[in-house]
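Only one structure is covered here, and it is reproduced in the block below.
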């Protein structure tokens with residue numbers, strides 16, 4: 001029991017450190033003055049992959065706090081990204097047993113659908129509530145679609161990297177209730 005709790009705390013700490021590193025990396029200037037293709041949302045990809053592999057290591061409060069910190073530090077609408085991420089990860093968490101049984105391609109497709117729905121929901125919410133452009137301008141659809149495609153394409157690489165670091169699906173029945 002104690003070893004299981006230690007493993008869970010180590011996993012939570014590892015997730016929080018990885019999320020912090022990804023947020024800090026997003027804050028770094030990437031070639032100032034140069035227009036480039038938008039990169040993937042690695043924070044969301046890592047969060048979804050971690051939730052689908054070890055849901056006990058990524059509690060909903062950790063997801064909410066990490067995504068809220070990302071919203072604040074990356075000057076996104078406060079709480080919107082966090083709320084959408086919580087909904088997406090909870091959908092994934094509830095379905096993870098079934099998704100795992102159907103193989104990685106089905107998981108990848110479902111994660112792609114979740115990410116697409118998150119982008120769509122954010123655009124709809126920001127349009128419906130007329131978020132002032134001075135507070136948080138609505139990004140153009142083109143770069144946002146490219147970022148979504150990059151995020152979906154990066155997901156298998158994120159999963160492979162996490163597997164190389166030892167984060168794999170738990171054996172059936174190995175998770176604590």
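Just wondering, is there one or more residues in region 70-82 that are touching a helix residue (DSSP H, G or I) at 6+ places or on another chain (Cβ under 9 Å), outside any helix (DSSP H, G or I), without any contact (Cβ under 8 Å) to a residue 12 or more places away in the chain and at positive phi? Outline the logic, then answer.
Residues of region 70-82 touching a helix residue (DSSP H, G or I) at 6+ places or on another chain (Cβ under 9 Å): 70-71, 73-74, 76-82.
Going one step further and asking which of them are outside any helix (DSSP H, G or I), we end up with 74, 76-79.
Add one more test, that the residue is without any contact (Cβ under 8 Å) to a residue 12 or more places away in the chain, and what stays is 78-79.
Restricting the remaining residues to those that are at positive phi gives 79.
Yes, region 70-82 contains a residue that is touching a helix residue (DSSP H, G or I) at 6+ places or on another chain (Cβ under 9 Å), outside any helix (DSSP H, G or I), without any contact (Cβ under 8 Å) to a residue 12 or more places away in the chain and at positive phi.
Residues of region 96-122 being in a helix (DSSP H, G or I) and more than 17 Å from residue 86 (Cα to Cα), which ones?
Within region 96-122, the subset in a helix (DSSP H, G or I) is 96-101, 104-122.
Across region 96-122, the qualifying residues are 97, 98, 99, 100, 101, 104, 105, 106, 107, 108, 109.
Mind checking which residues of region 109-121 are touching a helix residue (DSSP H, G or I) at 6+ places or on another chain (Cβ under 7 Å), surrounded by fewer than 18 Cβ atoms within 10 Å (Cβ to Cβ) and more than 15 Å from residue 41 (Cα to Cα)?
Answer for region 109-121, where residues must be touching a helix residue (DSSP H, G or I) at 6+ places or on another chain (Cβ under 7 Å), surrounded by fewer than 18 Cβ atoms within 10 Å (Cβ to Cβ) and more than 15 Å from residue 41 (Cα to Cα): just 121.
Starting from residues that are within 22 Å of residue 116 (Cα to Cα) and at pLDDT below 85, keep the ones in region 3-62 and report whichever is surrounded by the most Cβ atoms within 10 Å (Cβ to Cβ).
Within region 3-62, the match that is surrounded by the most Cβ atoms within 10 Å (Cβ to Cβ) is 38.
Regarding residue 54, is this residue over 23 Å from residue 10 (Cα atoms) and touching a residue at least 60 places away in the same chain (Cβ under 8 Å)? Quick ask: steps written out before the conclusion?
Details: over 23 Å from residue 10 (Cα atoms): no; touching a residue at least 60 places away in the same chain (Cβ under 8 Å): yes.
Against the criterion (over 23 Å from residue 10 (Cα atoms) and touching a residue at least 60 places away in the same chain (Cβ under 8 Å)), residue 54 does not qualify.
Output the residue which, of all residues in region 88-102 that are surrounded by 16 or more Cβ atoms within 10 Å (Cβ to Cβ) and under 12 Å from the mean Cα position of the chain (by Cα), is modelled with the lowest pLDDT.
92
The values are calculated or read from the model by the stated rules, or taken from the named source; none is laboratory data. Everything numeric here is computed off the predicted structure, so don't read it as measured data. Here Cβ is always computed from backbone atoms with ideal geometry, including for glycine, and neighbour counts include all displayed protein chains.
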